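The values are calculated or read from the model by the stated rules, or taken from the named source; none is laboratory data. The model shown is predicted, which means the values in this text are computed figures rather than measured ones. Glycine also receives a Cβ, built like all others from the backbone with ideal geometry; neighbour counts cover every protein chain displayed. Areas reflect the complete protein model, heavy atoms only, side chains present, ligands, DNA and RNA absent. Shrake-Rupley method; radii C 1.70, N 1.55, O 1.52, S 1.80 Å.
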Amino acid sequence: MPSLRFHVTSSMSPSEVMGVLTNFGPSRVEQWPSIDAEHFHVHERGETWAEVTEGNGKSSERARYEWDPSRNTVTVTTRDSTPFGPGGWNFHLTPTEQGTRVDVRLERHPRSFGAKLMSPIIPLAGSVFRKSFKEPLKTM
């Protein structure tokens, strides 16, 4: 089960970061360069959860987002993804003098042969994922 842990520092407050992570309106595709409108669909949404499919022509995932503003956490349970299969993301937001420290954990459970072949790159992809948060979360 490949996993990756890293953190980024955002100039935004924890509530602003939470807002970006849990914005499932049309502006999500503008905030997140890795998501395009063709591959973004909100299936269901509640007060502190959403079931979505999001991604782009290269990769996409169906996931359930759950968030707890009182604990500054966002948990994403990936039901399935192309190319890596199920898994998930965990985000923990900690206020700092500069804004917010965002601790990120990514985990995948590859099922297919192709996913199992590609999964060893996940622990090595920290810089790629950090870069993907730069614009949306205004990281330093």
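For the chain, what ratio Rg/Rh do Cα atoms give with a Kirkwood hydrodynamic radius? Mind showing how you got there, number by number?
On the way: Rg = 14.5 Å, Rh = 15.3 Å.
Radius of gyration over Kirkwood radius for the chain works out to 0.94.
When Lys and Arg each count +1 and Asp and Glu each count -1, what net charge do the other residues less than 12 Å away from Thr100, Cβ to Cβ, add up to?
On the way: positive: Arg101, Lys138; negative: Glu16, Glu97, Asp103.
Here the charged neighbours net out to -1.
How many percent of the accessible area of the chain is carbon or sulfur, using a 1.4 Å probe?
On the way: 4060 of 7750 Å².
Roughly 52 percent, rounded to a whole number.
Work out, step by step, the length gained on full extension between Glu47 and Glu135: first 0.36 nm times the residue separation, then minus their alpha carbon distance; give nm to one decimal.
Numbers: separation 88, 0.36 × 88 = 31.68 nm, distance 2.57 nm.
Full extension of this stretch gives 29.1 nm more.
Work out how much length Ser70 to Gln98 would gain on full extension: take 0.36 nm times their residue separation and subtract the Cα-Cα distance, in nm to one decimal.
Details: separation 28, 0.36 × 28 = 10.08 nm, distance 2.03 nm.
Length gained, Ser70 through Gln98: 8.0 nm.
Over the chain, average the accessible area per residue using a 1.4 Å probe and give it in Å², no decimals. Each step should come with its number before you reach the end.
On the way: 7750 Å² over 140 residues.
For the chain, the solvent-accessible area averages 55 Å² per residue.
Could you give the length gained on full extension between Ala37 and Ser15, defined as 0.36 nm per residue of separation minus the Cα-Cα distance, in nm? Let's see the in-between values first.
Values: separation 22, 0.36 × 22 = 7.92 nm, distance 2.51 nm.
Result: 5.4 nm gained on full extension.
Report, in whole Å, the centroid distance computed from the Cα atoms of the stretch 56-98 and the stretch 1-35.
9 Å
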